[in-house]
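*Asks:* The following block contains the structure, expressed as structure tokens.
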Amino acid sequence: MDKNKDFSEWYTWILKEAELVDIRYNVKGFPVIRPWAFSVMKKIYSAYEDELDRNGHSPMQFPAVIPESNLNKEKEHIKGFEDAVFWIEKAGMNRLEERLALRPTSETAIYPMYALWINGISDLPLKLYQSGTVWRYETKATRPLIRVREIQWIETHCCFATKEGAEAQIIEDKAIAETIIGDVLGIPFLFFQRPKWDKFPGADNTYAADSLMPDGKVLQIATTHMLGQNFSKPFEVKFSDSDGKEKYVWQTCYGPGMSRIFAALISHYGDDKGIVYHYQFSPIQVVVVPIYKGENKAKIDNYAAGIMRVLKENDIRAYYDNSNNTPGFKYNRWELKGIPIRIEVGEREIDANKVVIVYRDTREKKTTELESVANDVSQAGKEMFERMKSAVFENMRNSIDKSEDMDDIGKKLDLGKIIKIPFCSMEMEGEPCYEQIKDKLKAEVRGTLFGSEEKPKSKKCAICGKEAHEYAYVARQY
Ligand SMILES: [Zn+2]
């Protein structure tokens with residue numbers, strides 16, 4: 001399947017053929033995540049959870065249902081989510097006295113409890129997270145793992161005594177994304193402050209990680225929100241400060257989307273033959289394929305068993321495919337499913353006491369000694385990931401362009417780029433420039449680069465020609 005020619009078709013193909021997602025479940029927008037995907041997602045979850053723990057967060061688990069009265073407490077929040085909520089109105093034969101929302105996000109479940117848990121300054125900062133599912137009635141066309149009605153994610157909810165504490169958390173959230181999504185998983189992204197018209201309902205500001213997918217559209221894979229005191233006031237999350245005064249806490253929340261991160265991973269690390277799983281995260285790291293010839297089955301099986309034993313003793317996830325299929329069939333199958341390393345065992349290798357390692361990305365072969373096979377396999381796996389990661393990151397860097405002219409922006413968007421433009425205002429929805437980008441270029445203003453102090457000096461807005469105040473990034477999006 002030609003990934004560069006038609007990415008969308010490739011994506012549908014890979015989900016089905018590599019047995020990642022099954023869209024035949026009979027509720028629209030609720031695909032089933034199969035073991036070959038979920039075992040990787042579980043590893044991504046745990047990498048993220050460990051990094052949150054290292055940064056002083058603790059895990060928790062809240063109920064999936066939220067009473068309607070909670071949801072209604074923060075006005076902008078409910079306005080932003082009312083079209084997206086799944087409601088439970090009946091239980092058994094009884095109509096519920098109060099409707100329950102299946103959580104679309106958990107602020108309004110968690111903060112009434114925070115009001116009970118937080119009393120004094122010594123209770124702060126409070127940094128908790130949960131890994132789980134939220135439900136949103138998505139009305140746009142759904143797409144497995146990317147736009148669905150049941151979303152796998154982690155959500156953190158943090159409280160601080162001061163605004164500065166909350167601001168520092170946004171920086172930490174970005175750093176955690178850089179470590180896990182960027183370094184460990186090898187998914188490049190830009191971290192934006194979203195325009196005012198695109199913030200989380202109820203937040204003062206929203207920041208988000210956008211990864212540019214192979215078809216030139218950006219995918220939002222994590223968001224973090226400065227909630228200020230917008231929720232702590234209606235939910236009365238207060239503490240008595242060291243000066244004896246009662247104050248409302250400052251809050252942030254952070255949501256890395258696990259299924260979207262996974263979607264970005266397979267999209268960046270896939271090719272025409274299938275997925276190329278990251279060595280550290282692949283459900284199976286090595287597949288051993290015997291090349292039988294004539295009557296040598298027992299000899300080959302015996303030699304392969306020795307290799308398998310060494311790999312397993314070294315905690316390498318290995319699988320011996322001695323099924324009745326031809327070697328060629330097996331190569332194709334495991335290349336499709338993304339196993340990073342293949343070992344081929346034939347008569348020649350046995351006679352020389354050698355092992356042949358095949359890299360999934362280049363399909364290059366390397367002959368190595370039996371006694372060093374475990375070390376050589378891990379080495380090859382890591383080397384392969386680093387090689388691919390540099391290419392993926394370079395691709396992203398090459399896809400960031402700049403422009404000051406509307407027609408030129410359109411041309412560059414058609415090439416699948418993210419364009420940096422001088423822009424007039426990030427404040428209000430309905431700005432003519434925002435509308436023009438949407439209508440004429442079929443693109444969105446993704447925001448300003450978070451942490452960048454760079455401002456346009458005596459430049460004109462690329463859209464309206466008035467004075468530019470910001471550098472905005474424009475892209476097409478999922
Ligand atoms: Zn403008």
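*Asks:* Percent relative contact order of segment 289-435, based on C-alpha pairs within less than 8 angstrom and at least six residues apart?
*Replies:* Value for segment 289-435: 17 percent.
*Asks:* Further, regarding this structure: Tell me the relative contact order for the chain as a rounded percent, counting alpha carbon contacts under 8 Å between residues six or more apart.
*Replies:* Reported relative contact order: 13 percent.
*Asks:* Counting only helical runs of four or more DSSP H residues, what would the 222 nm mean residue ellipticity of the chain come to if each run contributes -39,500 (n - 2.57) and the total is spread over all its residues?
*Replies:* One gets -10500 deg cm²/dmol as the mean residue ellipticity at 222 nm.
*Asks:* For segment 7-271, what are Rg and Dmax over the alpha carbons, in angstrom?
*Replies:* Considering segment 7-271 through its Cα atoms, Rg and Dmax are 19.0, 63 Å.
*Asks:* Estimate the FRET efficiency between Lys459 and Lys163 by the formula 1/(1 + (r/R0)^6), using the beta-carbon distance for r and 45 Å for R0, to the nearest 0.05.
*Replies:* 0.90
*Asks:* If you don't mind, another one. In segment 286-384, how does Rg compare with the Kirkwood Rh, expressed as the Rg/Rh ratio over alpha carbon atoms?
*Replies:* Expressed as Rg/Rh, it is 0.92.
*Asks:* Order by neighbour count: Arg54, Arg99, Arg360, Arg136, fewest other Cβ atoms within 10 Å first, most last.
*Replies:* Exposure proxy ranking, most exposed first: Arg54, Arg99, Arg136, Arg360.
*Asks:* Shifting gears a bit: Give me the one-decimal nm value for the distance between modelled label points at Glu364 and Glu467, 7 Å along each residue's Cα-to-Cβ direction.
*Replies:* Here the answer is 5.6 nm between the modelled labels.
*Asks:* Segment 400-477: percent of C-alpha pairs farther apart than 22 Å?
*Replies:* The calculated P(r) of segment 400-477 puts 12 percent of pairs beyond 22 Å.
*Asks:* I would also like to ask the following. With only alpha-carbon atoms counted, please give the Rg and Dmax of segment 180-265, in Å.
*Replies:* Answer for segment 180-265, Rg first and Dmax second: 16.7, 56 Å.
*Asks:* Please enumerate, by chain and number, the aspartates and glutamates with C-alpha under 12 Å from the C-alpha of Lys457, excluding those fewer than 8 residues away in the same chain.
*Replies:* Correct list for Lys457: Glu467, Glu470.
*Asks:* OK, next. Between 0 and 90 degrees, rounded to the nearest ten: what's the tilt of helix 7-17 against the longest Cα principal axis of the chain?
*Replies:* 60 degrees
*Asks:* Additional query: Would you mind checking the radius of gyration and Dmax of segment 1-135 based on alpha-carbon positions, in Å?
*Replies:* Every Cα atom of segment 1-135 included, Rg and Dmax give 19.6, 60 Å.
*Asks:* Let me ask another. For the ranges 343-349, 281-287, what's the packing order if you count other beta-carbon atoms within 10 Å of each residue, average per peptide, and put the highest first?
*Replies:* Listed from highest to lowest mean packing, they are 281-287, 343-349.
*Asks:* Show me, bin by bin at 5 Å from 0, the whole-percent P(r) of segment 72-222 based on Cα pairs.
*Replies:* 2, 7, 13, 18, 21, 17, 11, 6, 3, 2, 0
*Asks:* Another question, if that's okay. Just rank Cys158, Cys464, Cys433, fewest to most, by other beta-carbon atoms within 10 angstrom.
*Replies:* Least crowded to most crowded, the residues run Cys464, Cys433, Cys158.
*Asks:* Can you tell me the orientation of helix 35-54 relative to the chain, as the angle in degrees between its alpha-carbon axis and the longest Cα principal axis, to the nearest 10?
*Replies:* 50 degrees
*Asks:* Kirkwood hydrodynamic radius of the chain from all distinct Cα pairs, in Å?
*Replies:* Here the Kirkwood hydrodynamic radius works out to 24.8 Å.
Read-outs: derived from the displayed coordinates by stated rules, not from any lab. Here the structure is a predicted model, which is why all the values come from computation and not from measurement. When we count neighbours, we look across all protein chains shown, and the Cβ atoms used for this are built from the backbone with ideal geometry, even at glycine.
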